[in-house]
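Novice: Got a structure here, written out as structure tokens. Questions coming.
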Amino acid sequence: MTTTAEAATARDAGSITVEAAVIAPVLVLVLLLMIAAGRISLIASVIDQAATTAARAASLARTPQAAQQAATEAARADLADQNLTCTDLSVTTDTAGFARAPGQPAQVAVQISCALALSDIGLPGLPGTVTQSSRFASPLDPYRANVLGFGNPEMAPA
């Protein structure tokens, strides 16, 4: 004769296997979501750092053209140092501050936009790419002009 406890144990014998089969995919999905969120957060941080570096490089340039080139090179180098490969990288430099007279407060701003593929995570429903943008402004060097003939020949009058 079986007791009530033995009968209950016999009824519940396969329930742990069923529970594990139901919970395992949910846990994997949560893990993949955490990986995706962490990766997007890391991308945003790296883009912010690249914008800061690019703006600083542009602020040290003597001409608007040199500022655009310096910002683009600095942004690409910073992203490469962090092993971040953008599928679409845009570096826009606002050089309006260069129109102000030397000695006047002015700034240069850099906007970076980077599209990064997330397809390697393998999470259904996750967008194929995510685009992160960051903007940073840096003050221009007030002594960027050719003073007393000592300076950058690019700034010499024509």
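The values are calculated or read from the model by the stated rules, or taken from the named source; none is laboratory data. This is a predicted model, so every value here is computed, not measured. Note that we place each Cβ from the backbone using ideal geometry, even for glycine, and neighbour counts take in every protein chain shown.
Novice: Determine which single condition T2 fails, assuming it passes every other condition in (1) farther than 19 Å from T129 by Cβ; (2) of a type in the set (S, T, Y); (3) in a helix (DSSP H, G or I); (4) modelled with pLDDT under 90.
Specialist: Just one mismatch for T2, condition (3).
Novice: Residue check, A61 against (1) modelled with pLDDT under 90; (2) assigned to a helix (DSSP H, G or I); (3) of a type in the set (A, V, I, L, M, F, W, C), all met but one. Which one?
Specialist: That leaves (2) as the condition not met.
Novice: Considering each of T52, T17 in turn, give the residue that is hydroxyl-bearing (S, T, Y), assigned to a helix (DSSP H, G or I), at negative phi and more than 13 Å from the chain's Cα centre (by Cα).
Specialist: T17
Novice: Now for a different question. For a quick check of your reading of the model, give me the residue pairs whose first member lies in segment 72-97 and is in a loop (DSSP other than H, G, I, E, B), whose second is of a type in the set (S, T, Y), with beta-carbon atoms closer than 7 Å and at least 6 apart or on different chains.
Specialist: These pairs meet every condition: T87/T129.
Novice: Take V147 and decide whether it is of a type in the set (A, V, I, L, M) and either within 15 Å of the chain's Cα centre (by Cα) or modelled with pLDDT under 90 (or both).
Specialist: yes
Novice: Can you name every residue in segment 19-51 that is modelled with pLDDT of 85 or more and in contact with a strand residue (DSSP E or B) (Cβ under 7 Å, 6 or more places away or on another chain)?
Specialist: Hits for segment 19-51 are I43, A44, I47, D48, A50, A51.
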